[in-house]
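Working notes for the structure below.
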Amino acid sequence: MIIVNQRDVTDAVLAEVARAKDPRFKEIMSAAVRHMHDFVREVKLTEAEFQKACATIATLGKLTNESHNEVVLIAGSLGVSSLVCLLNNGNRGQTETTANLLGPFWRMNSPKTENGGSIVRSPTPGDPIFVNAWIRDLQGHPVVDAEVDVWHTSGEGYYENQDPTQADMNLRGKFTTDADGHIGFRSVKPIGYPIPVNGPVGELLRTQGRHNMRPAHIHFLIFKPGFKTQFSQVYSSDDENLETDVQFGVTAALIGKYVRHDGTPAPAPDVKGTWYSLDHHFVIEPGDAKLPRPPITGKAGGERPQSVILERTDPR
Ligand SMILES: [Fe+2]
């Protein structure tokens, strides 16, 4: 098609997209083209702005490697990851869900651990926490023999794979639900952590005066044949960044009651002083049980990453 004016461009591209045989490809790409062209018209994108956008997208790719994914990070920082999760869970976005983002730190083959056992595998700073979780189906029945992976940061805000002072697989474990659909374990209370800001994500956050913190959370991955594998994160009710999670992951269903206990007897006799408890319930839906591709496969070498923390600033 010979293009006479700017309006013809959209029709020309849509006509070419329509040649594809795959109906889903056609649906997605024709919508993408329409929205992109409308977006360019709406904001009257200048040539300089277009060049900057192309350079930013290229940088997202250049910064992505085996241990870091800047593309996923910016998708989260713009709320796209959270939107996709909420549209694909909870009866396709109709009801509340305990599903959440997988995140970049899941490792396959974490150590199988008995219910009630500890996932503290080397001396780790942080207050002791005793976690109980129950897995139910949509009818409220316990899901028995589900595999539940858990992982989280230390009381210093590092996952073991980032931190040479922690043992391999520290603060990670794989549990199996009992007849009540229950797992339980001991650990240390995690704290929140900053996401990397050395690339386009940092530029995005600085431009908006946003901080780069994720509120403290414990990750869960629930696997049981016959059910859609559920990724989840249970956020700490006492974290100051719940409302401003840089990845927009905090949902009402996933604010966990991390209850502080001072001086009362803990479930383990060696615990004196302050400790925490967390009880949480998950609901999983029928579907395909599939494990994701592990975002990371082992510990990084060298020192802990340098944490850069951005302050949230007043926009006025
Ligand atoms: Fe995390």
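Numerical summary
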read-out	value
Flag if Gln306 is without any contact (Cβ under 8 Å) to a residue 24 or more places away in the chain and either part of a loop (DSSP other than H, G, I, E, B) or aliphatic (A, V, I, L, M) (or both)	yes
Restricting the stretch 177-193 to residues that are open to solvent by 10 Å² or more (accessible area, probe 1.4 Å) and in contact with a Phe, Trp or Tyr (Cβ under 6 Å, 6 or more places away or on another chain), the residue that is farthest from the ligand (Cβ to nearest atom)	His182
Of the criteria (1) within 25 Å of Leu204 (Cβ to Cβ); (2) exposed (fewer than 11 other Cβ atoms within 10 Å of the Cβ), which one Met1 fails	(1)
Any pair with Cβ under 9 angstrom, 6 or more apart, that starts in the stretch 32-44 at a residue that is surrounded by fewer than 11 Cβ atoms within 10 Å (Cβ to Cβ) and ends at one that is in a helix (DSSP H, G or I)	Val43/Glu49
Residues (within 16 Å of the ligand (Cβ to nearest atom) and assigned to a helix (DSSP H, G or I)) located in the stretch 54-109	Val72, Leu73, Ala75, Gly76, Ser77, Ser81, Ser82, Cys85
Condition check for Thr124: over 21 Å from Pro215 (Cα atoms), over 20 Å from the mean Cα position of the chain (by Cα) and open to solvent by 10 Å² or more (accessible area, probe 1.4 Å)	no
Members of the stretch 222-252 that are free of Cβ contacts under 8 Å to residues at least 60 places away in the same chain, away from the ligand (no atom under 16 Å from the Cβ) and either assigned to a strand (DSSP E or B) or not hydroxyl-bearing (Ser, Thr, Tyr) (or both)	Asp238, Glu240, Glu243
Pair list, Cβ < 6 Å and 6+ apart or interchain, from the stretch 48-72 residues that are without any contact (Cβ under 8 Å) to a residue 60 or more places away in the chain and among the aliphatic types (A, V, I, L, M) to residues that are open to solvent by less than 50 Å² (accessible area, probe 1.4 Å) and in a helix (DSSP H, G or I)	Val71/Leu60
Tally of residues being more than 13 Å from the ligand (Cβ to nearest atom), in contact (Cβ under 8 Å) with a residue 60 or more places away in the chain and closer than 21 Å to His68 by Cβ across the stretch 137-164	2
Boolean, Val201 is within 16 Å of the ligand (Cβ to nearest atom) and over 19 Å from Asn100 (Cβ atoms)	yes
Conditions (1) away from the ligand (no atom under 16 Å from the Cβ); (2) open to solvent by less than 20 Å² (accessible area, probe 1.4 Å); (3) assigned to a loop (DSSP other than H, G, I, E, B); (4) not small (Gly, Ala, Ser): number failed by Lys290	(2)
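Condition check ((1) modelled with pLDDT of 95 or more; (2) crowded, with 17+ Cβ neighbours inside 10 Å; (3) more than 21 Å from the chain's Cα centre (by Cα); (4) of a type in the set (Ser, Thr, Tyr)) across all residues:
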site: Ser82; (1), (2), (3), (4): yes, yes, no, yes
site: Met108; (1), (2), (3), (4): no, no, no, no
site: Gly117; (1), (2), (3), (4): yes, no, yes, no
site: Phe175; (1), (2), (3), (4): yes, yes, no, no
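The values are calculated or read from the model by the stated rules, or taken from the named source; none is laboratory data. Nothing here was measured: the structure is a model prediction, and the numbers come from that model. Neighbour counts run over all protein chains shown; Cβ positions are idealised from the backbone, glycine included. All accessible areas refer to the heavy atoms of the entire protein, side chains included, with ligands and DNA or RNA removed. Shrake-Rupley method; radii C 1.70, N 1.55, O 1.52, S 1.80 Å.
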